[in-house]
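J.: Structure in structure tokens, see below.
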Amino acid sequence: MTDDEESVDAGETDRPPLADQRGVDTVYGASEDSHLLAEAAVEGVTEGERAIDVGTGSGYVASALAEAGADVLGTDLNPAACRQAREAGIPVVRADLLDPISADAVDVVTFNPPYLPADPDTEWGDWMQAALSGGEDGRAVVDPFLEDAGRVLRDGGRAFLLVSSLTGIDEVRDFAAERGLESSIVAEESFPFERLVVLRLVPS
């Protein structure tokens, strides 16, 4: 079994990988949320700036930043995503969020996090589930990202975070403020069952 085929919590379940059940890949591809984040980030980046695309997946947002002239690096915990992003021409490192990034290192950070609220008892522990599930409140990955985002930003730096109404937009903004990050909504799109927004976050 390769790294790509292993579940996130290998050995903890005898259920087949969720990706097999869905008939989908193990890497989250670009969707409406990815497009919205990419458009907002491109509007907010200047040529020559250093950018990090966290949870880069297929590398869609990172590619958009690179086309806008940014010096971009992708990070992802999923080894299959790292390979796919590299194949798309994006330099990428396997990493948990911003862990390996030095302090005051980048001008722009982008992140389309797993944000769907999910009952832990129904989760399957594979890479696609990890790309989608945000835990019980949808913020299991969002909150740790907000805890660390300010550390890696240079003076004048900013982060662009995709947030869903399913996650709780106001709750995310309040948590960010408690961590010293001012937020503003710079893009949004509504769908029948959710509202997506892109938050621009800057250290206060």
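J.: Can you pull out the chymotrypsin sites (Phe, Trp or Tyr not before Pro) in the stretch 155-202 that DSSP calls coil and that have at most 11 other Cβ atoms within 10 Å?
T.: Answer by residue number: PHE193.
J.: Can you give me the distance in nm between label points at ASP174 and GLU194, each placed 7 Å from the Cα along the Cα-to-Cβ direction?
T.: 2.1 nm
J.: Here's another thing I want to ask about it. Residues with amide H under 5 Å of THR110's amide H, sequence separation 5 or more or different chain, H placed in the peptide plane at 1.01 Å from N; which?
T.: Those qualifying (amide H under 5 Å, at least 5 residues apart or on another chain) are ILE52, ASP53, VAL54, PHE160.
J.: Kindly rank 74-81, 148-155, 162-169, 98-105 from highest to lowest mean number of other beta carbons found within 10 Å of each residue.
T.: Working: 74-81: 24.0, 148-155: 17.8, 162-169: 21.0, 98-105: 14.0.
Per-residue Cβ counts within 10 Å, averaged per peptide and sorted highest first, yield 74-81, 162-169, 148-155, 98-105.
J.: Apply the Karplus parameterisation 6.51 cos²θ - 1.76 cosθ + 1.60, with θ equal to phi minus 60°, to every residue of the stretch 142-150 and state each ³J(HN,Hα) to the nearest whole Hz, in sequence, with x for glycine and proline.
T.: 4, 4, x, 4, 5, 4, 10, 4, x
J.: Which FRET efficiency, nearest 0.05, do LEU166 and ARG94 yield, Cβ-Cβ r, R0 35 Å?
T.: Efficiency for this residue pair is about 0.80.
J.: Follow-up question, since we're still on this one. Full extension from ARG86 to GLU136: what is 0.36 nm times the residue separation minus their Cα-Cα distance, to one decimal in nm?
T.: Taking 0.36 nm per residue and subtracting the Cα distance, the gain is 14.8 nm.
J.: Now for a separate question. What's the local net charge at THR75, with K and R +1, D and E -1, over the other residues with C-beta under 9 Å away?
T.: -3
J.: Still on this structure: What does the extension gain come out to for THR46 and ILE185, with contour length at 0.36 nm per residue minus their alpha carbon separation?
T.: Gain in length upon complete extension: 48.1 nm.
J.: Under the rule of at least 5 residues apart or a separate chain, name every residue whose amide H is placed under 5 Å from the amide H of ALA105.
T.: Close amide H contacts, sequence-distant or interchain: LEU153, ARG154.
J.: For a label point 7 angstrom out from the Cα of ASP104 toward its Cβ, which stretches of the stretch 36-56 have the backbone nitrogen within less than 18 Å?
T.: Residues 50-51 qualify, since their backbone N sits under 18 Å from the label point.
J.: Share of the stretch 56-102's accessible area from carbon and sulfur, percent, 1.4 Å?
T.: Roughly 47 percent of what the probe reaches on the stretch 56-102 is carbon or sulfur.
The values are calculated or read from the model by the stated rules, or taken from the named source; none is laboratory data. Only a predicted model underlies this, so the values are computations on that prediction, with no experimental measurement involved. Note that each Cβ is placed from the backbone with ideal geometry, even for glycine, and that neighbours are counted across all protein chains shown. What goes into the accessible areas is simple: the full protein's heavy atoms, side chains included, and nothing from ligands, DNA or RNA. Shrake-Rupley method; radii C 1.70, N 1.55, O 1.52, S 1.80 Å.
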